[in-house]
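Participant: Quick one: the structure is below, and I'll ask about it shortly.
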Amino acid sequence: MTADRPNLATAARRLVATLAAAAFPALLAAAPAMAATAPVATDCTPDASTACVAAIVMDEDNNFVPDVGVTISGAEFEALVTTTQEGPVSVEVPEVGTYTITLDEATLPEGLFPDPAEREVTAQRGSTARGAFRLGDQPVSSTPSAEPGASEGTGAETPAAGEEGSEEATGGGFSLANVWQKFGLGIRLGLLLALASVGISLIYGTTGLSTFAHGEQFTLGAVFTFMGVNMWGLPFWAAALFALALCTASGFVQDVVMWKPLRQRGTPLTQLMIITIGLSLTLQYTIQLMIGNGSERILSSNPTSMTIAGITLSSWSWASMGVAVIAILFIGWFLTRTRIGRATRAVSDNPALASATGINPDKIVRIVWTMSTGFAGLAGLMYGLSVGTFGWNTGMQMLLLMFAAVTLGGLGTAFGALAGSMVIGVVVEMSPLIPGMPNDLRYATALAILILVLLLRPQGLLGRRERIG
């Protein structure tokens, strides 16, 4: 019996060693998962080497909902976080790529339901990919979808119109800081809108034509710059100049190939307007073939945010606003201080009288088409940089705002388009502050303004017999 004890001890040691050897690889394999699900910091700050993913859970009044369990997973990574009442919770992710943000529906407040409970976002270094969830009192079928504009630092504002969800976006309900921030966003949108709307107004003033293809001219500025940087490998400034040259040339070619021959044939304005609708559709689907049907970014890197006078915008947003101001001042100087500008105003007021004084209306109209498409392309380029993303249908969605701006300011008046654009920009950006007003309906306010102007003051703010622009 005593001789068997060492054998039993030896056998026991061998069994323990065997079990340890078998369990060691499993422990190694489980270690990353264990580390990933361990408590993580929820205040990730993106930089050149860090990618962050954030979860935002709000109720219908835009208040942050606390104590909701959220799982962020992807790329062999998983983290469990809990929302707070102070704002978004964000975590650092190990690599760029697609991550899924899932709400734990068992932790939601009673009577509130997500829309949906799961979203996919794309993380990039130097930015925070945000997945936003809105809780309502009605259950919604849960289908995963990507939250548009998920990059902090890009200024993305709803890619449905291109583009929201950046350090420029505000949340947490009504406050003076929120109102001031929204006002700053409205000024930015108004300036870029003015740069594009002036072209529509000048074309209408000199030809009487309302062109529905101007939105696509807006998109082409961002598209050509995107292609120059990401497909042709050009430096940004070279790609931007090349894009502006192409946009400007497109207006010249259009007038040579289509508009002048049609004018000479005496084609009625209604038929010309239908042609612009066809041109708009053609350009839309041509752009879709060029860049696809998703959202694109002109620059893959993210700009830094800058706070001026209490308004936080991306550096590209401030730069875009500066460029827009310079371009608008140039347009004002051109129309009031140059011979061609004065001739443009003369043709806009009375083409027959202008022709009798020696002005060539066809030449002026060609200059107007060329300038208008060039400035629309510049506005689209600046919009793509400041908002962060754009899509093939961005121009179509901006066209409503352009028409609302020129109608509010006064059809055919360049300075009226500027005034109308600033009003439309501020109203559109600040409308989500209205209690119960969904952010997705903010562009509908432009339609409401358009209808009211047509009913109450069809000539617009600056529309009158003697035009100044």
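Readers should treat all values here as calculations from the given coordinates under stated rules, not as data from a laboratory. Quick caveat: nothing in here was measured; it's all calculated off a predicted structure. Counting neighbours? That spans all protein chains shown, and the Cβs are built from the backbone with ideal geometry, glycine included.
Participant: Give me a comma-separated list of calculated 3J(HN,Hα) values for the range 221-237, in order, Karplus coefficients 6.51, -1.76, 1.60 applied at θ = phi - 60°, integers in Hz, x for any Gly or Pro.
Facilitator: x, 6, 5, 5, 5, 4, 5, x, 7, 9, 10, 9, x, 7, x, 4, 5
Participant: Reported to two decimal places, what Rg/Rh ratio describes the range 218-282 when computed on Cα atoms with Rh from the Kirkwood expression?
Facilitator: Values: Rg = 15.3 Å, Rh = 13.4 Å.
With Rh from the inverse mean 1/r over Cα pairs, Rg/Rh is 1.14.
Participant: Return the sequence-ordered ³J(HN,Hα) values of the range 387-399 in whole Hz as given by the Karplus equation 6.51 cos²θ - 1.76 cosθ + 1.60 applied to θ = phi - 60°, using x for Gly and Pro.
Facilitator: 7, x, 9, 8, x, 5, 9, 4, x, 4, 6, 7, 4
Participant: Mind listing the long-range amide H neighbours of residue 50? Cut-off is under 5 Å, sequence gap 5 or more, other chains count too, H placed in the peptide plane at 1.01 Å from N.
Facilitator: 126
Participant: On average, how much area does the Cα convex hull of the range 176-456 cover when viewed from any direction, in nm²?
Facilitator: Working: hull surface 62.7 nm².
Computing the convex hull of the Cα atoms and averaging its projections yields 15.7 nm².
Participant: Turning to a different aspect of this structure: Given the peptides 234-241, 454-461, 112-119, arrange them by the average over their residues of other C-beta atoms within 10 Å, most packed first. Numbers along the way, then the final one.
Facilitator: On the way: 234-241: 15.4, 454-461: 13.2, 112-119: 18.1.
Result, highest mean first: 112-119, 234-241, 454-461.
Participant: Here's another thing I want to ask about it. Can you put 323, 406, 347 in order of Cβ neighbours within 10 angstrom, beginning with the fewest? Show your work: numbers first, answer last.
Facilitator: Details: 323 19, 406 36, 347 26.
Exposure proxy ranking, most exposed first: 323, 347, 406.
Participant: Output ³J(HN,Hα) for the range 309-320: one whole-Hz value per residue in order, computed from phi by the Karplus curve 6.51 cos²θ - 1.76 cosθ + 1.60 with θ = phi - 60°, and x for Gly and Pro.
Facilitator: Along the range 309-320, the couplings run 6, x, 10, 9, 9, 6, 4, 5, 5, 5, 5, 5 Hz.
Participant: So for each of 394-401, 278-285, 90-97 I average, over its residues, the number of other beta carbons within 10 Å; can you give me the resulting order with the highest mean first? Spell out each step's value before the answer.
Facilitator: Working: 394-401: 23.8, 278-285: 15.5, 90-97: 18.2.
Descending packing order for the listed peptides: 394-401, 90-97, 278-285.
Participant: Taking each pair of different alpha-carbon atoms in the range 51-147 once, compute 1/r for the pair, average those values, and report the inverse of that mean as the Kirkwood hydrodynamic radius in Å to one decimal. Working shown, then result.
Facilitator: Details: mean 1/r = 0.0757 Å⁻¹.
When all Cα pairs of the range 51-147 are included, the Kirkwood radius is 13.2 Å.
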